[in-house]
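Here is the structure we will look at, set down as structure tokens.
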Amino acid sequence: METLERIQPNRQVMAFILAVFLSQARSEPIRYSVLEETESGSFVAHLSQDLGLGVGELAARSARVVSDDDKQRLQLDRQTGDLLLQEKLDREELCGPKEPCVLHFQLLLDTPVQFFEGELSVQDINDHSPVFPTREMLLKIPENSQPGTTFPLKLAQDLDVGSNGLQKYTISPNSYFHVLTRNHSEGKKYPDLVQDKALDREEQPEFSLTLMALDGGSPPRSGSVMVRILIMDVNDNAPEFVRTPYEVQVLENSPLDSPIITVLAKDKDAGNFGRVSYGLFQASDDIKQTFSINEVTGEIRLTKKLDFEQIKSYQVEIEATDGGGLSGKGTVVIEVVDVNDNAPELSISSLISSIPENAPETIVSIFRIRDRDSGDNGKMICSIPDNLPFVLKPTFKNFYTLVTESPLDRESRAQYNVTITVTDMGTPRLKTQHNITLLVSDVNDNAPAFTQTSYTLFLRENNSPALHIGSVSATDRDAGANAQLTYSLLPPHDPQLPLASLVSINADNGHLFALRALDFEALQAFEFRVGAQADPLTVYLVIALASVSSLFLFSVLAFIAVRLCRRSKGRLVGGCSVPEGHFPGHLVDVSGTGTLSQSYQYEVCMTGDPGTGEFKFLKPIFPSLLVQDPEKENSNCRNSFVFS
């Protein structure tokens with residue numbers, strides 16, 4: 001009891017410490033940076049030192065790194081506390097044009113549970129050169145174009161960002177044109193060809209110039225394209241879109257070939273110079289695969305399934321070109337509208353399958369939920385059935401713990417099947433379920449109980465030694481070793497009663513035996529409090545005692561048999577050998593004085609051939625045999641003893 005009283009406060013302290021750690025998850029993330037293309041296994045940071053954790057604490061608390069996108073790009077050396085790269089990182093693959101490129105991760109520690117938020121900034125290196133979409137650009141300029149006129153050219157793309165990205169354009173030296181670098185609102189840089197003086201088609205009908213794009217790396221990288229300029233006859237009006245930018249919303253589950261929008265451009269010229277055709281302008285491969293435009297009508301249709309979780313919006317550049325080669329540019333902004341097409345996800349971080357029945361509040365599982373949809377479609381409700389002794393507790397971000405509400409009782413229920421249900425708030429609502437099976441392991445919290453509170457046994461005097469006189473039975477609600485019972489005799493209330501020399505009990509099955517012949521005149525009745533204990537040590541002690549008693553009893557029986565055989569001169573009466581004289585007092589002492597009354601003799605009846613030496617043990621008699629006619633009393637069954 002004192003041990004239990006000492007353990008209980010310790011468990012309460014541990015539960016309190018666990019609650020404190022759960023409530024003190026670090027609010028500010030730890031931030032690190034690394035250059036892209038750094039080799040895998042490279043050192044990132046001394047994580048344990050930065051978090052103020054002791055040496056070996058990460059290993060002792062089963063620390064691990066968890067990424068938001070479930071891809072393990074970082075690894076943790078629990079022994080040294082170092083954070084290392086799991087793989088070589090490509091910033092362009094991870095973030096594309098997005099800047100800064102930040103990977104989010106969490107450090108999760110068990111026993112007690114604690115979370116740390118982390119950010120890894122992937123720094124760009126100048127590993128890409130600017131690239132133009134084509135090898136040659138064809139530009140048609142009317143001969144009556146005035147100096148100062150600007151002609152937009154196709155821009156180059158550089159996958160690097162920041163200072164390593166594209167910075168400016170240059171063009172081969174000439175007296176008619178120069179190039180300007182124009183900054184777009186999206187951060188892109190476009191080349192504009194600027195006319196410096198009047199053109200004369202008859203003097204020079206064509207120009208071939210080299211356009212070069214330079215990035216800001218050290219040393220800088222470059223890409224070039226040939227610009228072929230044709231001087232055209234007069235067509236002094238370029239097409240203009242009636243509205244730009246166009247804005248439209250499209251459901252992500254729209255079927256293929258759905259019409260998105262129809263654009264319109266007008267040209268003030270007449271005839272062929274005023275006839276407009278439409279096309280996508282400098283579109284990426286993804287846009288070309290996703291959308292198509294009718295060159296005559298300007299209708300844009302869907303050619304590839306949309307996925308809001310992958311791309312939320314598109315900016316499609318379009319071009320309207322007239323018959324004279326002049327063109328106007330426009331923009332269509334396509335917003336992808338989320339629909340509830342992703343069921344919630346549940347991933348288990350840790351799980352125990354068995355718990356002792358008397359354990360206090362215990363964490364059964366730690367798991368994370370996620371829904372790739374947005375808005376109400378991405379909002380989630382996590383629940384378990386109400387009729388179970390468990391509760392769900394939110395811990396950090398979308399992490400939850402499944403905790404026992406109170407100590408469990410194996411004897412009431414040995415197994416629980418807990419269904420965790422995660423439902424989103426979209427229309428229609430989608431849900432995910434995960435089943436956890438928890439076994440309740442047994443502890444020795446139930447004492448054995450006898451099937452009866454008392455037993456009454458009857459025995460005739462002068463019984464044979466080692467006679468089976470009855471049995472007792474007890475049960476235990478526990479299981480396994482905790483339910484294995486051992487029977488033993490408890491000390492009698494009367495310390496003068498030599499109980500240990502009168503009866504014995506089988507420690508395994510509760511069978512009771514008379515150790516020696518009893519004398520009614522010396523002892524009419526007595527009372528063998530019996531105990532059933534499940535303590536293994538007691539079991540071993542009882543087995544040892546029973547073994548010693550059995551050896552002693554065997555020795556006594558052997559001695560009696562030898563004495564009977566030696567007294568062969570005894571006469572046979574009705575198939576029973578009646579020994580002459582008296583038994584030694586130390587063998588069949590009832591009164592405790594070591595001798596028997598001179599007026600008593602005892603018979604040992606033999607069955608079958610007297611040479612076999614088999615004893616015939618007298619069986620217990622029924623209460624009806626207690627009252628007998630003294631004249632008809634059998635010499636072998638004189639009186640009955642009552643055991644209670």
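The values are calculated or read from the model by the stated rules, or taken from the named source; none is laboratory data. Note that the structure is a prediction, hence the values are computed from the model and not measured. Cβ sites come from the backbone with ideal geometry, for glycine too, and all protein chains shown count toward neighbours. Accessible surface is based on the protein model in full, side chains and every heavy atom, while ligands, DNA and RNA are left aside. Shrake-Rupley method; radii C 1.70, N 1.55, O 1.52, S 1.80 Å.
Within a straight-line Cα-Cα reach of under 19 Å, residue 397 can be paired with the following lysines, leaving aside sequence neighbours fewer than 8 residues apart in one chain: 71, 379. Taking 15 Å as the straight-line reach from the Cα of residue 431, the aspartates and glutamates in range (excluding those fewer than 8 positions away in the same chain) are 341, 345, 371, 373, 376. In this simple spin-label approximation, residue 309 and residue 333 carry label points 7 Å from Cα along the Cα→Cβ vector, and these lie 2.7 nm apart.
Please report, as a whole percent, how much of the solvent-accessible surface of segment 400-503 comes from carbon and sulfur atoms (probe radius 1.4 Å).
Working: 2610 of 5210 Å².
Reported share for carbon and sulfur atoms: 50 percent.
Taking only the Cα atoms of segment 294-339, the ratio Rg/Rh comes out at 1.09, with Rh defined as the Kirkwood radius.
In a DSSP loop and with at most 16 other Cβ atoms within 10 Å, the GluC sites (Glu not before Pro) in segment 218-314 are 295, 309. Sequence-ordered 3J(HN,Hα) estimates for segment 389-397 from the Karplus curve with 6.51, -1.76 and 1.60 and θ = phi - 60° stand at x, 9, 9, 9, 10, x, 10, 8, 6 Hz, glycine and proline given as x. For segment 304-369, the fraction of 1.4 Å probe accessible surface lying on carbon and sulfur atoms is 48 percent.
Once C-alpha pairs closer than 8 Å and six or more residues apart are averaged by separation and normalised to the residue number of segment 189-234, the relative contact order reads 39 percent. Taking a Cβ cut-off of under 12 Å around residue 225, the surrounding Lys, Arg, Asp and Glu residues balance to a net charge of +2, with basic ones at +1 and acidic ones at -1. A simple spin-label model places the labels of residue 384 and residue 136 7.2 nm from each other, with each point 7 Å out along Cα-to-Cβ. Surface analysis of segment 341-500 yields an accessible area of 50 Å² per residue, using protein heavy atoms and a 1.4 Å probe.
Treating only the Cα positions of segment 438-501 as identical point scatterers, give the base-10 log of I(q)/I(0) from the Debye formula at each q in 0.12, 0.15, 0.30 Å⁻¹. The computed values of log10 I(q)/I(0) come out as -0.51, -0.71, -1.33.
Here segment 293-372 and segment 132-159 have alpha carbon centers that stand 35 Å from each other.
Stretching residue 234 away from residue 409 to a fully extended chain increases their span by 53.5 nm, per 0.36 nm per residue minus the current alpha-carbon distance. Roughly to the nearest percent, how much of the accessible area of segment 70-216 is carbon and sulfur, given a 1.4 Å probe? The nonpolar share, carbon plus sulfur, comes to 48 percent. When the alpha carbon gyration tensor of segment 199-255 is reduced to an equivalent ellipsoid, the three semi-axes, largest first, read 35, 28, 10 Å. In terms of accessible area, using a 1.4 Å probe and ignoring ligands and nucleic acids, 111, 134, 244, 404 rank largest first as 111, 244, 134, 404. Placing a label point 7 Å from the Cα of residue 421 along the Cα-to-Cβ line, the residues of segment 327-368 whose backbone N sits under 17 Å from it are 343-346. Between the amide H of residue 457 and those of 643, 644, distances stay under 5 Å, these residues lying 5 or more places away or on another chain, with hydrogens modeled in the peptide plane. Once the 1.4 Å probe is applied to the protein heavy atoms, segment 111-210 comes out at 50 Å² accessible per residue. Placing pseudo-labels 7 Å out from each Cα toward the beta carbon at residue 222 and residue 55 gives an inter-label distance of 5.6 nm. In segment 116-234, with Lys and Arg counted as +1 and Asp and Glu as -1 at Cβ, which of these residues, 130, 216, 142, has the Cα nearest the positive end of the dipole, that is, farthest along it? Comparing the listed Cα positions along the dipole, 142 ranks first. Cα to Cα, under 16 Å, and not fewer than 8 places away if on the same chain: which lysines meet these conditions relative to residue 154? Of all the lysines, those that pass the test against residue 154 - Cα under 16 Å, at least 8 places apart if same chain - are 140, 168, 188, 189, 329. Find how many whole Å separate the alpha carbon centroid of segment 166-187 from the alpha carbon centroid of segment 416-471. Segment 416-471 and segment 166-187 have Cα centres separated by 85 Å. Once you sort the root eigenvalues of the Cα gyration tensor of segment 189-337 as a ≥ b ≥ c, which label holds: rounded (a/c under 1.5), prolate (a/b larger than b/c) or oblate (the other case)? It is oblate, given that a/c is not under 1.5 and a/b is not larger than b/c.
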